[in-house]
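The values are calculated or read from the model by the stated rules, or taken from the named source; none is laboratory data. All figures in this text were calculated on a predicted structure; none of them were measured in a lab. Ideal geometry is used to build each Cβ from the backbone, glycine not excepted, and the neighbour counts take in all protein chains shown.
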Amino acid sequence: MSISDLYDTAEHTSNSAHFMALVNLAQVDGTIKREEEIVLGRLAVKLNISDEEYKAILKNPERNPYISTFGLEERIERLRDLFSVIYADYTIDSAEEKLIFKYAIALGFSGQRAKEEIEKCKRKFGVDSELKN
């Protein structure tokens, strides 16, 4: 196996774990709404998730732990992906807020930085409330 193969495998594992986190967020209120499903479909393509993986992850999104990425830009991009899923239905409930905060911490942000980055996401998406964590 070449170095590039190892990199591709590690990147795909990270993308799969990220997609599982996205599905967890979509399901936090019990169901995946149509708007969330559309966003998940777009992000699955972006993350190179196959149809088979997509279906398997939807069945059991909690099977693998979240894998943190290392670059700041990639962590911010992943946080924005997560936010796009929770805000797909134009509402953010308290369970979703708590979960996105936990994922921001899992991405490697400090508590304060997580709050700041989530607030930036809220401004970008036009959400007017402040994070309660």
Six or more apart or on different chains, Cβ atoms under 9 Å: show the pairs whose first residue is in region 13-31 and under 20 Å from Ser50 (Cβ atoms) and whose second is among the polar types (S, T, N, Q) and at pLDDT 80 or above.
Asn15/Asn48; Met20/Asn60; Leu22/Ser84
Hey, Lys102 modelled with pLDDT of 90 or more and within 16 Å of the chain's Cα centre (by Cα) or not:
no
Between a first residue in region 83-107 that is within 16 Å of Asp128 (Cβ to Cβ) and in contact (Cβ under 8 Å) with a residue 24 or more places away in the chain and a second residue that is surrounded by fewer than 17 Cβ atoms within 10 Å (Cβ to Cβ) and among the hydroxyl-bearing types (Ser, Thr, Tyr), which pairs have beta carbons less than 9 Å apart while being 6 or more apart in sequence or on different chains?
Ile92/Ser129; Glu97/Ser129
Yes or no: region 72-84 includes at least one residue that is among the acidic types (Asp, Glu), at pLDDT 80 or above, farther than 27 Å from Ser110 by Cα and crowded, with 16+ Cβ neighbours inside 10 Å.
no
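For every residue, the table says whether it meets (1) within 15 Å of Tyr87 (Cβ to Cβ); (2) modelled with pLDDT of 85 or more; (3) in contact with a strand residue (DSSP E or B) (Cβ under 9 Å, 6 or more places away or on another chain).
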{"site": "Ser14", "(1), (2), (3)": "no, no, no"}
{"site": "Glu35", "(1), (2), (3)": "yes, yes, no"}
{"site": "Gly41", "(1), (2), (3)": "no, yes, no"}
{"site": "Ala44", "(1), (2), (3)": "no, yes, no"}
{"site": "Leu58", "(1), (2), (3)": "no, yes, no"}
{"site": "Glu62", "(1), (2), (3)": "no, no, no"}
